[in-house]
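What follows is one structure encoded as structure tokens, with my remarks underneath.
Just so you know, all these numbers are worked out from the coordinates, no wet-lab data involved. Quick caveat: nothing in here was measured; it's all calculated off a predicted structure. Cβ placement follows ideal geometry from the backbone for every residue including glycine, while neighbour counts extend to all protein chains displayed.
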Amino acid sequence: MIERELDLKFGGEKKRLDRFLSENLPKYSRSFIQKLIKKGMVEVDGKVIYKTGYKLDGKHDLKVSIPAPVETDLTPEDIPLNIVYEDHNLVIINKDPGIVVHPSIGHNSGTLVNAILAHDPKIRGVGGEIRPGIVHRLDKDTSGLLVMAKNDKTHHDLQQQFKERTVRKLYYALVDGHPKTPEGKVDAPIGRDPRQRQKMAVVPLKKGRNAISEFKTIEKFQKHSLLEVNIKTGRTHQIRVHMEFLGCPVVGDKVYGKKKPTLPVKRQLLHAHQLELKISGKEEVSVFQADLPEDFGKALEELRN
């Protein structure tokens, strides 16, 4: 079912189709636009185009069909939520480790989305995908702050903040070893690992996407370091990949870390402890913080002792 059809005109130098549409339809994310193209919802001069990288050159008439939001058939589940902040537009949650953010293959229930639907059923359908309210994600075993939108306008506003990199996300990472400098920046592109496609890796820029992480040492132990990491981009597994690249993998990381954990932990010790973003109706940037979960705090205490 089509919600609306948009007519656009292109005239200028060569440009990718998905890039042009992203620039001219800022309400929608680039990934959403790419899905539209692949589903045959975009026409150029009356011809359906399925290639996201299709080159526009000269003058073209474009038609974009926007499908109506599809409500999900997800089941609300009464799962406790650690809510840090909530208003009529959004909710900020301190996610426990071990919780999957949204349903996927092998995780059809028990997710944060199932929990939020029980908390506020109106979120169903926000964003028009099977991930209602989701603006960004955390890995299953990563704990900490995550924001979810309650309506489409807020969903779009938050997406724009992330796209423009005005949202500041700070993480605590307990890593093996010590970086060569107490603080620094990792500017290294991330893409699929050519040898293990289910993993990410630092790759040449033409085979990945730019990724920037800033870090500083908060506490130094004999064989470990507690780092605060500020990610400037939001690539899949970014901190975990960059820490491995530094030679200081996150403790307990079963994919990018040491084969045998150097501490008795069951997951990677990575925690999104601070989130800074603009909230509708407030002039100043709002800052939210989340305490370390029990297992992370216990690991630090053992190292201090």
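Descriptive notes on the structure:
- Cα long-axis angle, helix 294-304 against the chain (0 to 90 degrees, to the nearest 10): 40 degrees
- Averaging the Cα positions of each part gives two centres, and for the range 143-184 and the range 196-263 these lie 15 Å apart.
- Extension gain, Leu8 back to Thr262 (0.36 nm per residue minus Cα-Cα distance, nm): 85.8 nm
- Between Val48 and Lys140, the modelled labels are 3.6 nm apart [label points 7 Å from Cα along Cα→Cβ].
- Near the amide H of Thr142, within less than 5 Å, lie the amide hydrogens of Gly98, all on another chain or at least 5 residues away, with H placed in the peptide plane.
- Calculated log₁₀ intensity ratio I(q)/I(0) where the Debye formula runs over C-alpha points of the range 83-161, q = 0.10, 0.24, 0.27 Å⁻¹: -0.20, -1.21, -1.48
- Modelled FRET efficiency - R0 41 Å, Asn24 with Lys254, Cβ distances, 0.05 increments: 0.45
- When only alpha carbons of the range 2-67 are considered, Rg and Dmax amount to 10.5, 31 Å.
- Summary value for the range 97-168: 27 percent relative contact order, contacts being C-alpha pairs under 8 angstrom separated by 6+ residues.
- Extending 7 Å from Cα along the Cβ direction at Glu214 and again at Lys298 yields two label points whose distance is 3.5 nm.
- For the range 168-304, the share of alpha carbon pairs falling in successive 10 Å distance bins from zero is 12, 40, 33, 13, 2 percent.
- Averaged over residues, the count of other Cβ atoms within 10 Å places the peptides 80-92, 140-152 in the sequence 140-152, 80-92, highest first.
- Listed values (1) 66, 53, 34; (2) 69, 44, 42; (3) 59, 46, 31 include one computed from this model; for Cα extents along the principal axes in Å that value carries the label (2).
- Positive-end extreme of charge dipole, the range 83-161 - chosen from Asn89, Leu158, Gly110 (charges on Cβ): Gly110
- Highest-first arrangement of 266-275, 193-202, 206-215, where packing means the average Cβ count within 10 Å: 266-275, 206-215, 193-202
- The label point for Phe288 and the one for Tyr85, both projected 7 Å from the Cα toward the Cβ, are 0.7 nm apart.
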